[in-house]
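Beneath this line is the structure, given in structure tokens, with notes to follow.
Just so it is clear, none of the values below were taken in a lab; they were calculated from the coordinates. Treat the numbers as computed from the prediction; the structure is a model and nothing was measured. Glycine gets a Cβ as well: all are built from the backbone with ideal geometry, and neighbour counts include every protein chain shown.
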Amino acid sequence: METINQKQQGKALSRLEGALKVTGAAQYAGEYSAPDLLYGHVVNSTIPKGKIQKIYTEEILKLPGIIEIFTHENRPSLAWFNFQYSDMDAPPGSPFRPLHDAEIKYYGQPVALVVAESFEEARFAASVLKIDYEKEAFTTNFTNQLDDARAPKRGFATLLKPLPPKPKGDFDKAFDESPVQVSADDYYHGTEHHNPMEMHATTTMFEGEGKLTIYDKTQGTVNSQLYVANVFGLSFKDVRVIAPYVGGAFGSGLQPQYQLFMSVMAALELKRSVRVTLTRAQMYTFGHRPPTLQQIKVAAEMDGKITALHHKATAETSRFEDYTEVVVNWGNILYPVENTKLDYELVPVDVYSPLDMRAPGGSTGLHPLECALDELAYELKMDPLDLRLKNYAEQDDSENRPFSSKELKECYLQGAEKFGWYNRSPQPRSMRRGNRLVGYGMATGIWESMTLPAKAEATLTKEGKFRVRSAVTDIGTGTLTVMTQIAADALGVGLDEVEFEYGDSKMPFAPIQGGSYTVSTVGSAVVAACQALRKRLLKIAQKANGSLFETASESKVSLTNGHLSLSEKPDVAVSFQELLTVSGKRMIKASKTNIPNPLTLKKYTRAAHSAAFVEVEVDEELGVINVTRALTAVAAGTIVNPKTARSQIVGGMVWGISKALREETITDHRLGRYMNPNLAEYHIPVHADIHDLDVIFVEEKDDIVNPLGSKGLGEIGIVALPPAIANAVFHATGKRIHQLPIHFDMLL
Ligand code: MOS
């Protein structure tokens, strides 16, 4: 593929839809309306396990405005109940089917949908619907069930989530014989729930028998479309899913959630348009980052060379699906170690299946690894950064293959320089400001760079403008802006000449937005489609004026001022209008699917890297921890838009601070339920918690990952922050806390 002239890429553009979002003009899934719109409110189970005995719907149906109450007893017998459809991102197992039968599998399971003429009527009726249950014994505490731990099952979605590599060398012997050892078996983080600003919502427009237009809060319009068509036995072309704006998702929208099922079911049965919006508390009734217990053992020679690594993670899953993430694989990609043992196990309990949450696995697994390296550095009396440089991986030892590119060393050096890392006095409790102890900590970050197949379409419109389309969503990452930049460069036109349309399942296929692969995946398809359109336009120009354009090639033409011309002889030109006339069509279109070559990609480990440096202040009497400064240096290939890119990293860093110090869903295991399903008690950082955050993008050239050379930024920002903070807390206080979140009482 020809190298494209990058003029718009590299510009720090603000989000093109920013004004629409901050003025409230952008419409979200739960804001679409129809004249006859009905409102559904979900009722959730109040026991964690057992059976529904009776649902007292009769009295409630008499309440004003109530149209219908759907339960397992009167739900339509749909195609879906004959087979278990798994969506594009479903873990192996049996996907949860709302209203399938009387069985209760977890606390908060949706058990009824009350549909009314108004939201208030539906919500009130749902709040007074009485249900009798037969309770059964349950357990929600996986740390009490470690005897049940077992290897995860594999499935389609887990193709992207490799199992831990086989053991290498002789870990036990190497560990025992090494002079310096670090060992801990109590690294733990609790359950975390998704709290995007926009809660999950679906508005289904009933467009006639079997025909639906659905506004869904989702990361994948096509994934939701396939789900609805398969579950309800509808024709694929009759189901259109639209999601132009998504108010944050970060994994919660990778899979269709139950509000989609409920809204579609009600619309099909009642032949009316139906909106179902979940409450903040209901956001805690599907999926979460699984609590995970980890053990780590690392040993080294006196010079700091790491000789042995054992990393084991045991995570919670549900009884019906094996949710899997990549937790323990990172250590031997980051560090060359000859003797490794990497284990990953699951324990099923009576909860809903866990769900991807920003950097699933990576943000979990780097925590013990990078804290253990810090401990090792102290044992060795070595600087923690020097220890990482000593064990710098020139290739991926776990797969025995080169990196497609890796500028991590530059991240370490530029990050340390700008942060002032070496001003640190190594002794714990040796730095202070007044009554506050000051600590510096650092950690390494890594996240894989994937590219998936995707299709895009590029069009010269009858107005002489360009339009590029993909079904991809923009979950707030800046996809619209970045794709517009990529399209403009691929066409060789200005930003004003091209419009990017997206967020509609009718448009060319794109996978769910996630895994930090959207720029790479959809961007590559956009480049391919734009180049295909340039070729097509040139062909038409040759038809229109053969002699002038005969010898021209696609890379030698310009599309400026409404004309296709020769780059070197701009006066040799044909107008867009003439091209349209000659083509005999109202518009000239080209579409292209980009399929990454697995044989090429297989030869390389492709990953973004980062180095995070953190300063904390800890109040000596109160134990209160404040992240006063944090810097992340990132190597992620080409940065298409430095502004939206920085925003991704800063967002990840804020979430990293949250993971380290704030957020956790608390379960009362006697009741089997989450106790803090609200933003008052589920703590996330507020502005007062966030201080000086800095981002460096180091230069990194990568010709392997994709034609753009971009690696993805959605997840690399979070992964290194929790261990860097834990290490800074140790440096400040002399205390190693292996649990997240770290709370002040653990330091007293
Ligand atoms: Mo991300 S957890 O793939 O939204």
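The table for this structure:
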{"item": "Sites matching trypsin sites (Lys or Arg not before Pro) across the stretch 701-744 that sit in DSSP coil, with at most 12 neighbouring C-beta atoms within 10 Å", "result": "K701"}
{"item": "Base-10 log of normalised Debye intensity for the stretch 576-705 (one unit scatterer per alpha-carbon) at q = 0.12, 0.20 Å⁻¹", "result": "-0.76, -1.15"}
{"item": "Span-like helix ranges in the chain, DSSP H, alpha carbon extent 24 angstrom or more, Kyte mean at least 0.0", "result": "362-380, 518-544, 642-661"}
{"item": "Whole-number D in µm² s⁻¹ for the stretch 189-243, Kirkwood Cα-pair radius fed into Stokes-Einstein, 4 °C, 1.567 mPa s", "result": "105 µm²/s"}
{"item": "Alpha-carbon spread of the stretch 642-740, three principal axes, descending order, Å", "result": "55, 33, 26"}
{"item": "Alpha carbon centroid spacing (whole Å) that separates the stretch 227-243 from the stretch 501-564", "result": "29 Å"}
{"item": "Dimensions (Å) - the chain, Cα atoms, principal axes, largest first", "result": "79, 76, 50"}
{"item": "Gained length - S33 relative to S555, 0.36 nm times residue gap less alpha-carbon distance", "result": "183.2 nm"}
{"item": "Over the stretch 60-176, relative contact order from alpha-carbon pairs under 8 Å, at least 6 apart, %", "result": "34 percent"}
{"item": "Likely footprinting exposure, K49, K589, fewest C-beta neighbours within 10 Å first", "result": "K589, K49"}
{"item": "Entries in K168/K381; K455/K556; K465/K543; K312/K381; K161/K341 that, when Cα-Cα distance is taken, lie over 30 Å", "result": "none"}
{"item": "DSSP-defined beta bridges in the chain - what % are antiparallel, rounded to 5", "result": "75 percent"}
{"item": "Cross-link reach list, lysines versus K643, counting only Cα pairs under 19 Å and skipping chain neighbours closer than eight places", "result": "K7, K11, K21, K711"}
{"item": "Fraction of antiparallel bridges per DSSP, the stretch 591-748 only, in percent to nearest 5", "result": "70 percent"}
{"item": "Under 20 Å from the Cα of K49 - lysines, other chains or at least 8 residues apart", "result": "K105, K130, K135"}
{"item": "Summed residue charge, Cβ within 12 Å of I704's Cβ, Lys/Arg positive, Asp/Glu negative", "result": "+4"}
{"item": "DSSP bridge pairs, the stretch 164-267: antiparallel proportion in percent, nearest 5", "result": "55 percent"}
{"item": "Space enclosed by the convex hull of the alpha-carbon atoms of the stretch 245-303, per residue, Å³", "result": "162 Å³"}
{"item": "Solution diffusion estimate, µm²/s, Stokes-Einstein, the stretch 317-394, Kirkwood Rh from C-alpha pairs, 4 °C, viscosity 1.567 mPa s", "result": "90 µm²/s"}
{"item": "Alpha carbon Rg of the stretch 344-436, scaled by the compact-globule rule 2.2 N^0.38 Å", "result": "1.46"}
{"item": "Partners for K539 among aspartates and glutamates (Cα-Cα distance below 14 Å; same-chain residues under 8 apart left out)", "result": "E550, E554, E578"}
{"item": "P(r), alpha carbons of the stretch 692-744 - 10 Å bins starting at zero, rounded %", "result": "18, 35, 24, 17, 5"}
{"item": "Under 21 Å between alpha carbons - lysine pairs in the stretch 181-301 that sit 8 or more apart or on different chains", "result": "4"}
{"item": "Reduced Cα scattering model of the stretch 105-154, Debye log10 I(q)/I(0), q = 0.16, 0.19, 0.20 Å⁻¹", "result": "-0.70, -0.80, -0.84"}
{"item": "Ascending count of other beta-carbon atoms within 10 Å, so fewest first, for V686, V42", "result": "V686, V42"}
{"item": "Volume per residue that the Cα convex hull of the stretch 415-515 spans, once the total is divided by residue count, Å³", "result": "187 Å³"}
{"item": "Relative contact order %, the chain, counting alpha carbon pairs below 8 Å whose residues are six or more apart", "result": "17 percent"}
{"item": "Cα gyration tensor shape for the stretch 33-109, rounded if a/c is under 1.5, else prolate or oblate", "result": "oblate"}
{"item": "Global size of the stretch 1-146 as Cα Rg and Dmax, reported in angstrom", "result": "22.4, 69"}
{"item": "Between the stretch 54-125 and the stretch 569-634, the Cα center-to-center distance that results, in Å", "result": "40 Å"}
{"item": "Rg/Rg_globular for the stretch 618-666, with Rg_globular taken as 2.2 N^0.38 Å and Rg from C-alpha atoms", "result": "1.51"}
